[in-house]
Amino acid sequence: MLDDLSREEVTSVVDRVVEELLQAAGVESPPVDAIGVAQHHLGMVVCLDRSQAQRGRAQRSGKRRQIVLRPEPTQERHQWTVAHEIGEHLKPQLLEQLGIQPDQTRAMAGESLANLFAYHLLVPSCWFNDDAPAFDYDVLKLKERFSSASHEVIAWRLLDLPAPCIITILDNDHIHRRRSNAWQARRQLEPAEQKCQQYVHYYSRSHVVQEGAWTVHGWPVHQADWKREILRSSVCNE
């Protein structure tokens with residue numbers, strides 16, 4: 001079952017299937033247009049339905065699989081929904097390569113296989129693993145390269161890299177999500193993180209704070225009536 005496998009084993013299979021899909025679809029560099037892959041390579045129909053309650057759903061239309069999207073304010077949300085539905089479509093292939101029967105599956109610590117696939121399709125490891133350190137893990141610069149993915153998706157993918165860090169997403173001065181890929185992260189911001197977030201929130205500019213053992217990079221994702229900041233925090237233990 002999925003929870004009997006390590007995350008590394010599962011992501012290795014996901015990355016392999018993503019690479020095979022991109023090669024077959026002729027996608028040679030980012031950004032990945034998940035909608036284009038669905039339509040032109042997998043033969044899916046992608047359409048909008050303003051009456052739909054949920055963000056997206058898949059159904060059959062004749063012999064073709066159809067993805068119905070609710071209109072969203074950003075293209076990145078549509079890309080995410082379609083990437084997720086592609087993950088659902090390829091789930092039997094993923095499970096087969098994992099050596100798992102479909103009726104044996106359970107969520108991986110609250111994360112679905114389709115969600116994991118969507119993260120890795122929009123931000124493929126084959127490019128991101130080299131690009132992230134080359135761009136000094138700068139979320140805004142990486143967004144320019146992986147433009148079909150949201151800032152949040154790119155930030156969470158930083159946790160899949162070997163470099164230890166904490167990623168924090170704050171919306172309107174409140175912590176929305178916070179996670180570490182190494183040490184235990186406290187729910188509250190550290191003083192250096194607070195200082196960085198306050199600067200980014202006020203000035204709407206990227207900022208770096210180095211204080212004690214902490215190095216904190218902060219980036220603004222600001223709109224007229226809504227402010228999101230993304231922090232990447234690392235600690236030097238030497």
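Summary table
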{"quantity": "Reciprocal mean inverse distance between Cα atoms of the chain - Kirkwood radius, Å", "calculated": "19.1 Å"}
{"quantity": "Neighbourhood net charge (13 Å Cβ-Cβ; Lys/Arg +1, Asp/Glu -1) for Ala25", "calculated": "-4"}
{"quantity": "Neighbour net charge for Leu170 - beta-carbon separation under 15 angstrom, K R +1, D E -1", "calculated": "+3"}
{"quantity": "For the chain, built as a Gaussian network whose Cα springs stay under 10 Å, the top-fluctuating residue of Leu98, Leu142, Leu121", "calculated": "Leu98"}
{"quantity": "Amide H within-cut-off set for Val46, under 5 Å, with H built and near neighbours excluded", "calculated": "Ile67"}
{"quantity": "Helical contribution to [θ] at 222 nm, DSSP H n ≥ 4, -39,500 (n - 2.57), averaged over the chain, rounded to 500", "calculated": "-11500 deg cm²/dmol"}
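Each reported figure results from applying straightforward, stated rules to the coordinates on display, with no laboratory input. Keep in mind the model is a prediction, meaning the values are calculated, not measured. Here the Cβ is made from the backbone with ideal geometry for all residues, glycine too, and neighbour counts use every protein chain on show.
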